[in-house]
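Read the structure below first, then the notes.
The values are calculated or read from the model by the stated rules, or taken from the named source; none is laboratory data. Worth saying up front: this structure is predicted, and the values here are computed from it rather than measured. Backbone-built Cβ (ideal geometry, glycine too); neighbour counts: all protein chains shown. Heads up: the accessible areas ignore ligands, DNA and RNA and are worked out on the full protein's heavy atoms, side chains in. Shrake-Rupley method; radii C 1.70, N 1.55, O 1.52, S 1.80 Å.
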Amino acid sequence: LWIDGVGCWLIWFGESLTFGNGASTRHDDDRLRIYADLKSRHAVWTRTGDDRFLEPLAVTRINGQEISQRMRLRTGDRIGLGTDVEFDYAVPSPLSNSAVVTCPSGHRTVGTMDGLVLFESTCLLGPGDQNHVRCPDWESTLVLFERDKSMWWRVPERETPARPVLDGEVLDESNWRM
């Protein structure tokens, strides 16, 4: 999802995602590839019901503590992979279980992105702290949501009717474009 003036965000719909190095493998469809000294399959994030877990496959830390088994993630956790890759994990909105993953260590991903949304039902984009994607110059919050196995959007503050997101469509309003 490219958002003018904000950046590029990956919206991930799957139940699991593997974090690994930038090398191409046969498992690339479910792998976040990071340009770093990591194993090709370094750690796996999974969603089970309302809980989110991180399973280490190589040296992995949560909040500075090395983990050796699958651990539940909580908002505010700092994930460490290898010697120097770090990700922040947060669920910023009480209205949605979608999580946000950002990389404060500055490591780039294949298909460079500014952040990752682990999508579950809804994703909020807008100026407030409780939005999954912070868009500081926007006037209102936009809601992306799933309906009938399709992506839809609306701007609740403007009482905009819900509209489907079409593949490749450019969405825009008076002060934003994506």
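Are any of the residues in region 69-79 part of a strand (DSSP E or B) and within 13 Å of the chain's Cα centre (by Cα)? Step through it out loud before you land on a result.
First, pick out the residues of region 69-79 that are part of a strand (DSSP E or B): 71-72, 78-79.
Restricting the remaining residues to those that are within 13 Å of the chain's Cα centre (by Cα) gives none.
Among the residues of region 69-79, not one is part of a strand (DSSP E or B) and within 13 Å of the chain's Cα centre (by Cα), which makes the answer no.
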Inset, instruction - Mind listing just one residue for me: the one in region 1-37 that is under 17 Å from residue 99 (Cβ atoms) and small (Gly, Ala, Ser) and, of those, surrounded by the most Cβ atoms within 10 Å (Cβ to Cβ)? - result: 16
Inset, instruction - Considering only region 1-42, give the strands (runs of 3 or more DSSP E) lying wholly within it that have at least 1 residues that are charged (D, E, K, R). - result: 31-34
Inset, instruction - Give me a count of the residues in region 140-164 that are part of a loop (DSSP other than H, G, I, E, B) and loosely packed, with under 15 Cβ neighbours inside 10 Å. - result: 6
Inset, instruction - Residue by residue through region 38-70, note down the ones that are surrounded by 12 or more Cβ atoms within 10 Å (Cβ to Cβ) and among the acidic types (Asp, Glu). - result: 55
Inset, instruction - Scan region 143-178 for residues that are within 17 Å of residue 92 (Cβ to Cβ) and touching a helix residue (DSSP H, G or I) at 6+ places or on another chain (Cβ under 9 Å) and report the count. - result: 1
Legend entry - From the options 102, 112, 75, residue that is in contact (Cβ under 8 Å) with a residue 60 or more places away in the chain, open to solvent by 20 Å² or more (accessible area, probe 1.4 Å) and among the polar types (S, T, N, Q): 112
